[in-house]
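This report concerns only the one structure given below.
Every read-out reported here was derived from the displayed coordinates using simple, explicitly stated rules and does not represent laboratory data. All figures in this text were calculated on a predicted structure; none of them were measured in a lab. Methodologically, a virtual Cβ is constructed for each residue, glycine included, from the backbone with ideal geometry; neighbour enumeration extends over all protein chains shown.
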Amino acid sequence: MNKLYIVVFIFTLLLMNCKKKTTAKTFTPACSGSKSFANEVKPLLQSYCVSCHSTYSTYSNVKSSSSSIRSLIVNGSMPKNTTLSDDQKNSIVCWIDAGALNN
């Protein structure tokens, strides 16, 4: 019976270590002025997202995924293996919050 407790304990520890650990601070957008898809958002997506998410190479796909993109950027889980500056996050999030226009 003691062996069973030990196995369960070790299994629980292993599962706890599998969670993604994030140390990113909470991001709060600070929007000022209008943001341009062509001049600000698309270059960021090309640099940080398209290598893994090729569908983000077109405006229509970005627009249809904008809610998800916003959530992932704000909570810091995207982009993987790097981080965006607050200015870069603001460009994308504020563009989405303003209606994600094709401008």
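A few notes on this one:
- Working from label points 7 Å from Cα in the Cα-to-Cβ sense, the Thr82 to Thr55 distance is 2.2 nm.
- Label-zone membership for segment 80-99, site Phe27, 7 angstrom Cα→C-beta point, backbone N under 15 Å: 80-98
- The string of couplings for segment 39-50 from the Karplus curve (6.51, -1.76, 1.60, θ = phi - 60°) is 8, 10, 7, 4, x, 5, 4, 4, 6, 10, 10, 5 Hz, one whole number per residue in order, with x for Gly and Pro.
- 3J(HN,Hα) along segment 56-66: 7, 8, 10, 4, 4, 6, 5, 4, 6, 9, 4 Hz, from the Karplus curve 6.51 cos²θ - 1.76 cosθ + 1.60 with θ = phi - 60°, whole Hz, x for Gly and Pro.
- Annotation: amide H-H contacts under 5 Å for Asn103 (H modelled 1.01 Å from N, sequence separation of 5 or more, or interchain): Phe37, Ala38.
- Model label points for Ser47 and Ser67, set 7 angstrom from Cα along the Cα-to-Cβ axis, are 2.9 nm apart.
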